[in-house]
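Undergrad: Pasting a structure here, questions to come.
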Amino acid sequence: MDGTIVVRQVNVGQTVVSNMSASTLFLVARDLSKMQIWASVNEADIAKVHPGQLVRFTVDARPHENYTGTVNKIRPNATMSSNVVTYIVEIDIDNPERKLLPYMSANADFIVHEVKDALMLPDSAFDFQPSPKMIDPKFAGEKPAPNAADDPKAPVTVWRKTDEHHVAPVKVLRGESDGTRSIVSAAEGAKLEAGDEIVTGLEVIVPAGGPAAGGPGGAQQGGNLFRPKMPERPKRGAGGVEAKPGQEVKRQNRGPHF
């Protein structure tokens, strides 16, 4: 059989004894252009996996390259470790350039649902609330209602940047989420396009020599609230280092002191 030797278990000149069970001489991969991933899937998610399903994955050796494959089958023989049941899922992949090698670790994502040509926003955009002076004067009279956490179908408010100092409210409908980003679409009467700058938070920039430098208006006077405070030194009297805070120690002048 033609192929690539992955493991050689014998050396030249070694005696091979013939017995009832054949000895393993080599571990041979017939065709490295066709490979498989054996993925461990938790029992809570195995119902979402089916043969023919699209899988996207990466390998640690090439973290910036994305690969795809398809589910071949689910092995019914489960394993249990620390009371967690997992199933082995075989994923067929193509490796025409031989970039992927046997025994590499893969991080696989099973595509359960896919939406194309959709707008996505970070989930942090739904929690941002601007101060009144940040709202664009054109929308100063509007007071958007707070986002309804108990109604997933209700429109939610996000804030679009209009200039360097102002934002404007935009009503959107929130869709599926991957845990960090959500699909959104503009609500009735609203306008949202790809490329719009949506605010997710504020960044405070302290100029050099300003509050962070410890000068007038420093951290202890309302400057950078996140700057660690320096411990206060005990006050010393005129008597020297052995004086306790608030006390003075008198010395007999015997010569110059430095």
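The values are calculated or read from the model by the stated rules, or taken from the named source; none is laboratory data. This one's a predicted model, so the numbers in the text were calculated from it and none came from an experiment. Cβ atoms come from the backbone with ideal geometry, glycine included; neighbour counts cover every protein chain shown. With ligands, DNA and RNA removed, areas are computed over all heavy atoms of the protein, side chains included. Shrake-Rupley method; radii C 1.70, N 1.55, O 1.52, S 1.80 Å.
Undergrad: Six or more apart or on different chains, Cβ atoms under 6 Å: show the pairs whose first residue is in segment 1-25 and assigned to a loop (DSSP other than H, G, I, E, B) and whose second is open to solvent by 80 Å² or more (accessible area, probe 1.4 Å) and among the charged types (D, E, K, R).
TA: Qualifying pairs under 6 Å: G3/R30.
Undergrad: Search segment 177-187 for residues being open to solvent by 50 Å² or more (accessible area, probe 1.4 Å) and at pLDDT 85 or above, and hand back the single one that is farthest from the chain's Cα centre (by Cα). First the steps, then the outcome.
TA: Let us first name the residues in segment 177-187 that are open to solvent by 50 Å² or more (accessible area, probe 1.4 Å), namely 177-181, 185.
Now restrict to residues that are at pLDDT 85 or above: 180-181, 185.
Working: T180: 8, R181: 11, S185: 24 Å.
Among those that are open to solvent by 50 Å² or more (accessible area, probe 1.4 Å) and at pLDDT 85 or above, it is S185.
Undergrad: For D92, work out the one condition from (1) out of contact with any Gly (no Cβ under 8 Å at 6 or more places or on another chain); (2) closer than 28 Å to I5 by Cβ it doesn't fulfil.
TA: (1)
Undergrad: May I ask you to list the residues in segment 1-25 that are open to solvent by 90 Å² or more (accessible area, probe 1.4 Å) and under 30 Å from D60 (Cα atoms)?
TA: D2, I5, R8, Q9 - these are the residues of segment 1-25 that are open to solvent by 90 Å² or more (accessible area, probe 1.4 Å) and under 30 Å from D60 (Cα atoms).
Undergrad: Please find, within segment 86-109, the residue that is surrounded by the fewest Cβ atoms within 10 Å (Cβ to Cβ) out of those that are closer than 12 Å to N42 by Cα and either polar (S, T, N, Q) or in contact with a helix residue (DSSP H, G or I) (Cβ under 9 Å, 6 or more places away or on another chain) (or both).
TA: Result: T86.
Undergrad: Another question, if that's okay. Tell me the residue from T86, T157 that is β-branched (V, I, T), touching an Asp or Glu at 6+ places or on another chain (Cβ under 9 Å) and either within 25 Å of L54 (Cβ to Cβ) or at pLDDT 85 or above (or both), please.
TA: One residue alone meets the criteria, T86.
Undergrad: Out of V6, V10, V17, which single residue is closer than 28 Å to V89 by Cβ and over 31 Å from the mean Cα position of the chain (by Cα)?
TA: V6
Undergrad: Filtering segment 26-45 down to residues that are assigned to a strand (DSSP E or B) and open to solvent by 100 Å² or more (accessible area, probe 1.4 Å), which residue is farthest from I111 (Cα to Cα)?
TA: Once the filter is applied, the top-ranked residue is K34.
Undergrad: May I ask you to verify whether F57 is among the aromatic types (F, W, Y) and touching a Gly at 6+ places or on another chain (Cβ under 7 Å)?
TA: Values: among the aromatic types (F, W, Y): yes; touching a Gly at 6+ places or on another chain (Cβ under 7 Å): yes.
Yes: the conditions hold for F57.
Undergrad: Say whether the condition of being touching an Asp or Glu at 6+ places or on another chain (Cβ under 6 Å), among the aliphatic types (A, V, I, L, M) and either part of a strand (DSSP E or B) or within 10 Å of F110 (Cβ to Cβ) (or both) is met by at least one residue in segment 51-60.
TA: no
Undergrad: Follow-up question, since we're still on this one. Scan segment 98-133 residue by residue and report those that are of a type outside the set (D, E, K, R) and in a strand (DSSP E or B).
TA: Across segment 98-133, the qualifying residues are A106, N107, A108, F110, L119, M120, L121, P122.
Undergrad: Just checking, how many residues over segment 46-85 are touching a residue at least 40 places away in the same chain (Cβ under 8 Å) and surrounded by 11 or more Cβ atoms within 10 Å (Cβ to Cβ)?
TA: Counting residues in segment 46-85 that are touching a residue at least 40 places away in the same chain (Cβ under 8 Å) and surrounded by 11 or more Cβ atoms within 10 Å (Cβ to Cβ) gives 13.
Undergrad: So, in segment 164-176, of the ones that are among the charged types (D, E, K, R) and surrounded by fewer than 17 Cβ atoms within 10 Å (Cβ to Cβ), which residue ends up farthest from the chain's Cα centre (by Cα)?
TA: Here the answer is E164.
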